[in-house]
1. Quick one: which residue in R38, R19 is over 19 Å from W113 (Cβ atoms) and part of a strand (DSSP E or B)?
2. Check whether at least one residue in the range 1-15 is surrounded by 15 or more Cβ atoms within 10 Å (Cβ to Cβ), out of contact with any Asp or Glu (no Cβ under 8 Å at 6 or more places or on another chain) and in a loop (DSSP other than H, G, I, E, B), and report yes or no.
3. Tell me which residues, restricted to the range 35-76, are aromatic (F, W, Y) and touching a Cys at 6+ places or on another chain (Cβ under 7 Å).
4. Considering the range 73-108 alone, what residues qualify as being of a type in the set (S, T, Y) and either under 11 Å from the mean Cα position of the chain (by Cα) or modelled with pLDDT under 95 (or both)?
5. When residues of the range 60-119 are filtered for being more than 14 Å from A24 (Cα to Cα) and of a type in the set (A, V, I, L, M, F, W, C), how many remain?
6. Pairs needed: first member in the range 107-123, under 20 Å from L11 (Cα atoms) and open to solvent by 100 Å² or more (accessible area, probe 1.4 Å); second member anywhere, hydroxyl-bearing (S, T, Y) and not in a loop (DSSP other than H, G, I, E, B); C-beta distance under 9 Å; at least 6 residues apart or different chains.
7. For the range 41-86, which positions are touching a residue at least 60 places away in the same chain (Cβ under 8 Å), buried (at least 18 other Cβ atoms within 10 Å of the Cβ) and assigned to a strand (DSSP E or B)?
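The values are calculated or read from the model by the stated rules, or taken from the named source; none is laboratory data. On a predicted model such as this, the values are computed, not experimentally measured, just so you know. A quick note on method: Cβ atoms are made from the backbone with ideal geometry, for glycine too, and the neighbour counts reach across all protein chains shown. Surface accessibility is based on the protein's heavy atoms, side chains included, excluding ligands, DNA and RNA. Shrake-Rupley method; radii C 1.70, N 1.55, O 1.52, S 1.80 Å.
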Amino acid sequence: QVQLVESGGGLVQTGGSLRLSCAASGNIFSINDMGWHRQAPGKQRELVACITSGNRTNHADSVKGRFTISRDDAKNTVYLQMDSLKPEDTAVYYCKANVIERTIWGQRTYDFWGQGTQVTVSS
């Protein structure tokens, strides 16, 4: 089984910064795309940023120029550096990884999600 564990959330004032981390562990052969999603109260979950295994990135328009996604494949970890935070960034942030997992039957590719970390930006 594969687990994703997020950390780095918290309470910050408008204009502040936070860095989220998400570490994958378990029977991992390799990891393809990794990404961050968020869900605010009463809203649908939305993609914030994603990064391919070749380090190509894509950021939502709402966070371009403020958030930066990166990854460290040696640590099976994806990061989200969040700067110039706004109250509308308040949400639960989830990481997602498309993992090639080792199983007793061979390999399988599957999307795994973290448990979520709360980010609150006060005005």
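1. Numbers: R38 fails: over 19 Å from W113 (Cβ atoms).
When all the criteria are applied, what remains is R19.
2. Taking the range 1-15 as the starting set, the residues that turn out to be surrounded by 15 or more Cβ atoms within 10 Å (Cβ to Cβ) are 2, 4, 6, 8-9, 12.
Then drop every residue that is not out of contact with any Asp or Glu (no Cβ under 8 Å at 6 or more places or on another chain), which leaves 4, 6, 8-9, 12.
In the following step, the residues that additionally are in a loop (DSSP other than H, G, I, E, B) were identified as 8-9.
Taking every residue of the range 1-15 in turn, at least one turns out to be surrounded by 15 or more Cβ atoms within 10 Å (Cβ to Cβ), out of contact with any Asp or Glu (no Cβ under 8 Å at 6 or more places or on another chain) and in a loop (DSSP other than H, G, I, E, B).
3. Kept after step one, since they are aromatic (F, W, Y), are these residues of the range 35-76: 36, 67.
Passing the criteria: only W36.
4. Keep residues of the range 73-108 that are of a type in the set (S, T, Y), which gives 77, 79, 84, 90, 93-94, 103.
Within the range 73-108, T77, Y79, Y93, Y94, T103 meet the criteria.
5. Residues that pass the stated criteria total 12.
6. The qualifying pairs are Q115/Y94.
7. Start the filter on the range 41-86 by keeping residues that are touching a residue at least 60 places away in the same chain (Cβ under 8 Å), which leaves 79-86.
This time we only want the ones that are buried (at least 18 other Cβ atoms within 10 Å of the Cβ), so: 79-80, 82, 85.
Hits for the range 41-86 are Y79, L80, M82.
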